[in-house]
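Just so it is clear, none of the values below were taken in a lab; they were calculated from the coordinates. The shown structure was predicted, so the numbers you read here are calculated from the model rather than taken from an experiment. Quick reminder, even Gly has a Cβ in these numbers, built from the backbone with ideal geometry, and neighbours come from all protein chains shown.
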Amino acid sequence: MKTLPILAVLSGLLFVTGCSSPAVTQTESEPVETSPVVAAPVISSLNGTSWALVRLQGEALVLPPNGRRPFLSFGPDGRLNGYSGVNRLGGNPQIKGNSIIFGAVSSTRMAGPSAAMATESRLFECFRLTKTWRINGEKMELLDGESVLAIFNPIALDEVE
């Protein structure tokens, strides 16, 4: 009968040691698994990109009720298409590096709410004054050489069509 308590104690010890896991320590020779660092894509050309206007001449863009956000879309060939607040627009800007000259930007000729027409007028003035573009973080900026005239967020074209 003395063997029964000894067996019970041994069984208990086996159970406890079997359920515990050994401590895992990492040695210097073991490789450490890390997630790769992914850098934001570098945009060196406007070709094939689309942008939604968020700031114009230093002011955040405020859309009128039921208003659509102005946007620019540069085709793979650099051709410009977009929407200026009331009208569709298009053009063939001259882009060399970070230099950009919008030149003649055509548009449809519809009238709209006065606030949207004012935004459209200011955007076309921005096109006239723009000399360079740059990427600042994820945003695209149009500059007159020194001052930022307009700021755009990247978009997928299907977000605005």
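Details
- Full-extension gain in nm, R109 to N153, via 0.36 nm per residue minus C-alpha separation: 13.2 nm
- In segment 74-134, the trypsin sites (Lys or Arg not before Pro) that fall in loop regions by DSSP, at most 16 other Cβ within 10 Å: R79, R109, K131
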